[in-house]
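Taking it in order: structure first as structure tokens, then the write-up.
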Amino acid sequence: MSRIKKWIIGVFVIVSITISVGFQSNFFEIAKQIDIYTTMFKELNVMYIDEVNPAKLTQKSINHMLQSLDPYTVYYDEQGIEDARIAATGEYGGIGTLVEFKNHSLLIKELLKDSPAESAGIKPGDKILKIDGILVKDFDEKGASTLLNGLPNTTVNLLLERQNKTFEVAVTRKKIDVSPVPYYTMLNEDVGYISFIKFTESATVEVKKAFLDLKDQGMKKLIIDVRSNPGGLLNEAVKITNFFIPKDKVVVTTKGKIEKHNETFKTKEEPLDLAMPISILIDGKSASASEILAGSLQDYDRAVIVGERSFGKGLVQQYRELSYGTQMKLTISKYYTPSGRCIQELDYTNRDDKGNIPKFSDKGREQYKTAIGRTVYGGGGILPDVTLQKPESTKTTEILLNSDAFFNYVTSYFYNHKTIDEPTKFNLSLSEYTDLRSYLAKNQQYFETETEAEFKKANERALTENLYGNLSKSYNEVLATIQTEKLKELDKNKEEIVEKLTEEIVKRYYFVEGVYQQKSKFDPTISKAITLLNSSEYQKILKK
């Protein structure tokens, strides 16, 4: 045997042993950690002074472990699997409400149009106290919500509370289909508009239906609105992109740790239209599949992107079956647009010791080229071709828009105004902001910033440590100052707050469809897109 052959065989043996040892070492570490966990669990179950609930304890430990990775890697128990199916398909058997578990009851946050709940006279702001005689307070949010859903044509009896009065109502469940396209219309004789809120299994069918209908009405230019669209199914994004670019074009590429997760998704069908001018509207809540649609059309110079920088979710998830009917959704790869850019913003792998997550865009954004050579950027979401400037949302504004105070104000408005103008004629003025601000000043307890919460905790700690003394007066003065400054901070985002208030009020009377009807007439981003499509600026942007 020659020296070269011996050398090759020797190297092969060394590499094989190294790989084998590495694999065995990794497997041993996994087995070791599982054994430690199992041993500890047994000791807790046998020796702990009180009874432990194995299922709850395991669920908490699993959730905590996965949360340390990224917010998209999630464990589902049997009920969670059904929730995931509903999210993917937009279909379920129920009464057509969005609810939140709060203060031992289910709060109705939103109604779906033509739902059983609407027919039964249920309103946003109602509280569900009992479901078929079962007290809601005896359940957690997931358990209570499960009681509402069931087979179509079955009846559920509810005890509700509205404005401090209780009443009963029987609701017949039906199959609920949440449309990914709540509204589409002709904005003028040339420009069509499609609102698009989720990439569910029916997204391709619904978007195509809207497009063809608008084209029959004379549409020559198109606006697709994916603002606040969180994404959904990747395949739906590929199919919808296919409507506007030729067959056999790359839409998105995924790259993962495992070879089989490295995939290239191409268009498979003939397009619906290759020439119609298109504008895609995005904002900071446009994510995942929305960014694939916007990013791929931008890379092929097929559409002009208008609005704000998108969220920046460039991670792909897959469902994996586990034992005992459970599942896990886990991140398996990153996706890349046709130009090669990954738009992932948050670097979950490199959190610091305090849990802070760095941003890829903080290191600078790499440049890429579109089909005709225009410069686009990777990392940190999709940057629009036309960016609309507006004041940055303050933390205080974000807290307000998700607070009980904001929701309660809208509820109060609804009961104080029996009707409002139709959506295309309804638009709140800034004077409504003044009324909201006055309401907030009288209802500070329903709108609390982190500063207030921490300050109150410090005061309570002072009481328990007998350090209160003469602090009472000072505490009240400082708290009042914080609350005054809190309201002043909101003034920086007056327009945004009034815009959101308008949306929520319109939704109470005309549902989600009404929100987009109102936007089609008054929204400044839509107005900008119309102007753009009707000017030479559109073609100038799409030239190198």
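Structure summary
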{"quantity": "Environment charge of residue 281, counting only residues whose C-beta is closer than 11 Å and scoring Lys/Arg +1, Asp/Glu -1", "calculated": "-1"}
{"quantity": "Residue-span extension gain [residue 255 to residue 43] - 0.36 nm each, minus C-alpha spacing", "calculated": "72.1 nm"}
{"quantity": "Label-reachable residues, the range 50-77, where backbone N falls under 15 Å from a point 7 Å from residue 323's Cα toward its Cβ", "calculated": "55, 58-59"}
{"quantity": "Share of alpha-carbon pairs per 10 Å distance bin for the range 410-544, given as whole %", "calculated": "10, 27, 22, 19, 13, 6, 2, 0"}
{"quantity": "Net lengthening on full extension, residue 154/residue 172 (0.36 nm per residue, minus Cα-Cα)", "calculated": "5.9 nm"}
{"quantity": "Two-site label geometry, residue 421 and residue 83: point separation in nm, points 7 Å out along Cα→Cβ", "calculated": "4.1"}
{"quantity": "Carbon + sulfur, % of accessible area of the range 147-279 - ligands and nucleic acids excluded, 1.4 Å", "calculated": "49"}
{"quantity": "Helix-only [θ]222 nm of the chain, DSSP H runs n ≥ 4, -39500 (n - 2.57) each, per residue, nearest 500", "calculated": "-13500 deg cm²/dmol"}
{"quantity": "The range 474-524-the range 529-544 distance, computed between alpha-carbon centres (Å)", "calculated": "32"}
{"quantity": "Kyte-Doolittle mean at least 0.5 and Cα axial length at least 30 Å: DSSP H helices in the chain", "calculated": "3-47"}
{"quantity": "Share of carbon and sulfur in the accessible heavy-atom surface of the range 47-99 [1.4 Å probe, %]", "calculated": "60"}
{"quantity": "Reported label for calculated Cα extents along the principal axes in Å given (1) 91, 64, 56; (2) 95, 75, 57; (3) 60, 57, 42", "calculated": "(2)"}
{"quantity": "Environment charge at residue 368 (Cβ cut-off 12 Å; Lys +1, Arg +1, Asp -1, Glu -1)", "calculated": "+2"}
{"quantity": "Cβ crowding within 10 Å averaged over residues, with 118-124, 276-282, 475-481 ranked highest first", "calculated": "276-282, 118-124, 475-481"}
{"quantity": "FRET efficiency, 1/(1 + (r/R0)^6) with R0 30 Å, evaluated for residue 451 and residue 29 via beta carbons", "calculated": "0.10"}
{"quantity": "Spin-label model distance (nm) - residue 481 vs residue 69, 7 Å beyond Cα toward Cβ", "calculated": "4.8"}
{"quantity": "Residues of type aspartates and glutamates that residue 175 reaches as a straight line, Cα spacing below 17 Å, ignoring anything fewer than 8 places off in the same chain", "calculated": "82, 83, 91, 114, 118, 201"}
{"quantity": "Whole-percent carbon and sulfur share, accessible surface of the range 420-544, 1.4 Å", "calculated": "48"}
{"quantity": "Per-residue SASA entry for residue 308, accessible area with 1.4 Å probe, Å² rounded to 10", "calculated": "60"}
{"quantity": "Contact order relative to length of the chain, as percent, for alpha carbon pairs under 8 angstrom and 6 or more apart", "calculated": "11"}
{"quantity": "Cα gyration tensor shape for the range 149-280, rounded if a/c is under 1.5, else prolate or oblate", "calculated": "oblate"}
{"quantity": "14 Å Cα-Cα reach of residue 540 towards aspartates and glutamates, excluding residues that sit fewer than 8 places from it in its own chain", "calculated": "301, 385"}
{"quantity": "Ordering of 516-527, 347-358 by packing [mean C-beta count within 10 Å, highest first]", "calculated": "516-527, 347-358"}
{"quantity": "Heavy-atom surface of the chain, accessible at 1.4 Å and reported per residue (Å²)", "calculated": "55"}
{"quantity": "Separation between Cα centres of the range 304-357 and the range 175-240, rounded to whole Å", "calculated": "24"}
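The values are calculated or read from the model by the stated rules, or taken from the named source; none is laboratory data. Please read these numbers as outputs of a predicted model, since none were measured by experiment. Glycine also receives a Cβ, built like all others from the backbone with ideal geometry; neighbour counts cover every protein chain displayed. The accessibility values were calculated without ligands, DNA or RNA, using every heavy atom of the protein model including side chains. Shrake-Rupley method; radii C 1.70, N 1.55, O 1.52, S 1.80 Å.
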